[in-house]
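None of the figures in this text is laboratory data; all of them are computed from the coordinates on show. Everything quoted here is computed from the prediction, not taken from an experiment. Using ideal geometry, Cβ is built from the backbone for each residue, glycine included, and neighbour counts are taken over all protein chains shown.
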Amino acid sequence: MSDSRSNLDSRSMLSSVFAKVYDSVILSRPWLIIFLLALVTALAGFYAQNYKVDASADALVLEGDKDLAFFREVGKRYAAEEFFIVAYQPKEDLFSEQALKNISTLVADLEKVQGVSTVMSILDVPLLYSPKVSISSLMLGIKTLRDNSVDRDLAAKEFRESPIYKQLLTSTDAKTTALQIGLVRDSTYNDLLDERNRLRVLNAAGSLPAAEIEKLLEAEQLFKSYTVKTAEHQQQLVKNVRAVLDQHRGAATEIFLGGVPMIASDMVSFVKSDMKVFGVGILIFVIVVLTIIFRTLRWVFLPLLVCMLTNIFMLGLLGFLDWRMTVISSNFIALLLIITLAIAVHLIVRYRELQLLKPQASQHELALATVLAMLRPCVYTGLTTIVAFMSLVISGIRPVMDFGWMMTIGVMVALMTTFIVVPIGMLLGRAPAPEKNSQSLSNESVFTLRFAHITEHHGGKILAVAVLILLFSVSGVTQLKVENRFIDYFDESTEIYRGMELVDSELGGTIPLEIVVYPEVVDESNADDSFDDFDDEFDSDQFGDSSSDISPWFTLAGLNELNKIHLHIDGLSETGKVLSLATVYQLAGDLLGDGLDDIQLALAYRNLPSEIKDVMVTPYLHDETNEARITVRVKETSRTLNRAELLEDLHRFMQEDMGYSQDRYRFTGMLVLYNNLLQSLFVSQILTLGLVFIAITAMLVVLFQSFNLALIGIVPNLMAALLVLGGMGWAGVPLDMMTITIAAISIGIGVDNTIHYVHRFKREFKQDGNYIATMYRCHGSIGRAMYYTSITIIFGFSILALSNFKPSIYFGLLTGVAMLSALLGSLLLLPKLLLLFKPLGKAS
């Protein structure tokens with residue numbers, strides 16, 4: 001008892017000190033504070049112009065991923081370029097004079113675009129079957145479709161049937177062609193990246209000298225600043241390429257742009273569009289709902305003002321720090337609106353209650369009393385919300401981590417801004433007549449009191465429904481899948497959807513996967529001496545250098561191995577175009593005839609013109625490391641696509657069917673990197689939700705001074721989070737980088753309602769010790785604030801269902817479900833548990 005009384009005394013003393021400081025600094029100098037707020041707003045508004053959205057594909061990969069380092073290493077080794085794919089379907093026959101002329105003009109226009117290095121089309125690739133050539137005739141020159149002597153009928157057949165060109169440059173029906181636009185490899189970007197990563201590795205290992213720390217910070221800043229330019233350049237490049245395509249649409253039945261850089265850029269464009277269009281829509285909805293609820297201009301203006309200021313402050317901070325948003329963190333503006341609006345509404349509702357209870361009090365006294373009454377629960381709701389969002393920080397995924405930090409800082413900014421702006425608005429406003437305010441509060445309480453009535457008279461049904469919902473949710477969580485298709489982010493009517501569908505179905509797939517294979521290390525004393533015979537048979541003048549430097553992959557044994565891998569991958573339903581040295585093997589067998597041996601292959605390799613080597617050999621064989629490379633384009637539109645399962649099946653094939661050890665091959669490419677990101681999301685988020693709940697429960701114990709009350713309070717939050725995740729599982733909504741944040745949002749929103757309700761319940765219970773009467777009073781007071789906030793957000797964010805960008809739709813609908821489940825849990829299940837277990841002691 002003495003400890004409890006001591007805690008109360010300490011709390012009362014702190015409250016008194018805070019009241020004096022707050023009163024003297026804020027409420028006693030309202031116009032000075034308004035002037036300072038105006039200055040900060042102007043400064044933040046200036047820097048807010050600099051905030052940027054990261055459109056690079058790097059935002060789709062896992063920070064510190066070893067596969068990412070290998071991916072970049074392979075890219076440098078093969079001088080691999082990012083590329084766009086243009087799907088072009090002419091109005092005439094593809095191989096007609098007019099169609100080829102139009103394609104030639106299009107290629108020339110695309111090559112003029114800054115940032116484009118090459119454009120590969122059907123016009124410029126070497127033809128080997130139009131008519132069929134011999135190895136010796138290759139030395140006399142290579143023919144292309146630009147040569148008038150080429151038989152176009154044979155060329156059309158070659159593009160349909162060639163193992164190299166079919167579904168790479170033409171569709172199987174030869175009605176659609178693909179132009180592969182290679183993008184200039186940015187050496188400055190790669191140099192800055194290498195230097196930053198080198199210093200990071202040394203720093204992580206603890207071997208970076210103190211003097212070099214400054215170099216690391218400088219490297220970080222240089223790379224960050226340069227990536228801003230590259231992101232802007234890439235977005236402009238997409239626009240410029242599309243502008244060229246638009247000029248040629250008149251000559252085409254269909255023309256679409258595809259490729260990973262385009263997907264990343266378009267995702268950002270959709271998000272920006274939704275932020276502008278639906279941001280205005282949400283604002284209008286919020287204004288309408290607040291007007292209906294409060295019917296007073298001041299109580300509509302103040303929440304909107306504080307929401308606007310909070311977002312300006314945060315955008316200004318992002319611009320000042322050059323902290324860029326990504327597709328994931330772009331929702332933070334909307335979430336800040338939710339959090340800020342909730343705090344403001346709670347303050348307004350409490351202020352109006354105090355007006356009714358203390359009709360003779362001055363505006364100054366009412367404003368201070370409101371702050372003192374709501375500070376503790378609001379601070380705790382802020383802290384628990386921060387804990388929920390901090391679960392994102394440990395993901396290891398830079399965009400998700402940034403989102404967690406943005407929301408953490410944003411919640412603190414929202415708290416400070418709201419507790420300054422709203423009380424000043426109360427202080428300077430004019431109070432309504434007591435009779436009018438009393439009647440208004442009475443009318444507003446009627447609806448929330450119905451929930452109290454249901455809880456009192458139908459508590460058993462509430463518990464039964466809660467159990468059913470729990471079973472539904474838990475079973476739904478088991479149905480969650482950590483997988484998605486980029487194409488599912490977009491509506492079927494959008495150009496990007498139709499373009500990706502055409503490229504996948506007709507032109508060999510979209511998402512790159514690469515397999516790097518290393519030769520088996522053999523004992524040189526037992527090595528095959530077949531090349532010795534070769535050296536004896538051909539002198540060095542005729543054959544060039546000794547044949548012993550021919551790669552082991554360019555032998556019958558090596559090519560047969562690669563061919564087996566190639567054919568297996570090519571036979572999978574999820575894969576599109578597959579290219580490797582096995583493609584050359586198939587051509588060599590056809591051009592040289594049966595009975596190929598290593599000597600013939602070596603001779604063919606030596607005599608291949610550079611034009612053919614550059615297309616058919618160099619991208620798939622690295623002489624210095626003796627490694628072979630198989631490139632695959634995976635069909636993003638495949639309904640059976642599951643990245644993790646596909647990679648597992650390929651690992652199984654390489655080890656069991658090919659007999660390779662794990663050090664003889666390695667997978668890389670955007671498919672691998674994005675799969676790593678998805679798997680990390682599941683491990684870091686789903687498995688850490690339990691830790692988040694434990695942390696929040698501990699905080700509730702501190703706040704409520706009761707372990708039992710904390711356990712009761714956490715139940716509705718757990719139910720809300722499970723319901724959202726379970727609903728996603730049953731609805732088939734994938735858990736990916738866009739939807740993973742919903743779990744944190746559900747917990748943050750749910751725990752806010754719990755804290756406000758239980759905090760008020762404890763205070764009201766002291767009046768008469770009657771659980772039923774206390775419940776009715778809480779539903780008529782704090783219950784209204786919870787109801788107003790939830791309804792405003794649910795209606796406001798429902799407009800996102802009209803978006804063409806599926807993640808925006810999911811965000812709007814799932815946020816609504818989270819708000820509704822948290823509201824019902826706090827107004828039905830939570831009070832029923834309080835009535836059932838009586839954690840505050842026996843009723844009087």
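Is the C-alpha gyration tensor of segment 600-721 telling us rounded, prolate or oblate? Criteria: a/c under 1.5 is rounded; beyond that, a/b larger than b/c is prolate, otherwise oblate. The partial results should precede the final answer.
Working: a/c = 4.05, a/b = 3.88, b/c = 1.05.
Note, shape of segment 600-721 comes out prolate.
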On a 0 to 90° scale, report how tilted helix 332-357 is relative to the longest principal axis of the chain, with both axes built from alpha carbons and the result rounded to the nearest 10.
10 degrees
Applying 1/(1 + (r/R0)^6) with R0 = 25 Å to the Cβ-Cβ distance of F46 and M412, what FRET efficiency is obtained, to the nearest 0.05?
0.70
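How long is the gain from E232 to V715 if the chain were fully straight, where each residue apart is worth 0.36 nm and the alpha carbon distance is subtracted? Walk me through the intermediate numbers first.
Values: separation 483, 0.36 × 483 = 173.88 nm, distance 4.65 nm.
Residue separation times 0.36 nm, minus the Cα-Cα distance, leaves 169.2 nm.
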Entry for Rg/Rh (Cα atoms, Kirkwood Rh) (calculated from the structure that is shown) out of [x] 1.07; [y] 1.28; [z] 0.99
[x]
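For the chain, calculate the relative contact order in percent as a whole number, restricting contacts to Cα pairs under 8 Å that are 6 or more residues apart.
Values: 1176 pairs, mean separation 158.1, N = 844.
Normalised by residue count, the contact order of the chain is 19 percent.
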Mind running the shape call on segment 653-715? Use the C-alpha gyration tensor, a ≥ b ≥ c as the square roots of the eigenvalues: rounded below 1.5 for a/c, prolate if a/b tops b/c, oblate otherwise.
prolate
Gained length - A464 relative to I772, 0.36 nm times residue gap less alpha-carbon distance
108.8 nm
Virtual spin-label span in nm between E254 and E73, 7 Å along Cα→Cβ
4.1 nm
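Give the shape of segment 214-311 as rounded, prolate or oblate, defined through the alpha-carbon gyration tensor: a ≥ b ≥ c are the square roots of its eigenvalues, a/c under 1.5 means rounded, and otherwise the shape is prolate if a/b is larger than b/c and oblate if not. Numbers along the way, then the final one.
Values: a/c = 4.72, a/b = 1.47, b/c = 3.21.
The shape class here is oblate.
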Simple label model, 7 Å out from Cα along Cβ direction - N708 to V379, nm:
2.8 nm
Tell me the label-point distance for the pair E97, N642, using the 7 Å Cα-to-Cβ offset, in nm and rounded to one decimal.
5.6 nm
Where in segment 62-98 does the amide nitrogen come within less than 16 Å of the point 7 Å from the Cα of R160, taken along Cα to Cβ?
93-96
Please list, in order along segment 315-321, the HN-Hα scalar couplings obtained from phi with the Karplus expression 6.51 cos²θ - 1.76 cosθ + 1.60 (θ = phi - 60°), rounded to whole Hz, x for Gly and Pro.
5, x, 5, 4, x, 5, 8
Enter the Cα centre distance for the pair segment 664-742 and segment 452-527, rounded to the nearest angstrom.
15 Å
Acute angle (nearest 10 degrees) that the helix 434-457 long axis makes with the longest principal axis of the chain, alpha-carbon atoms:
70 degrees
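Just add up the charged neighbours of R160: K/R +1, D/E -1, any other residue whose Cβ is under 10 Å from the Cβ of R160. Show your work: numbers first, answer last.
On the way: positive: K157, K166; negative: E158, E161, D173.
Net charge in that neighbourhood comes out at -1.
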If you stretched the chain out fully between Q600 and Q679, how much longer would it get, using 0.36 nm times the residue separation minus the C-alpha to C-alpha distance?
23.8 nm
Using only the alpha-carbon atoms, how far is helix 30-48 inclined from the longest principal axis of the chain? Give it as 0 to 90 degrees, nearest 10.
10 degrees
Amide H proximity to I511 below 5 Å, modelled H, separation 5+ or other chain, gives V634, E636
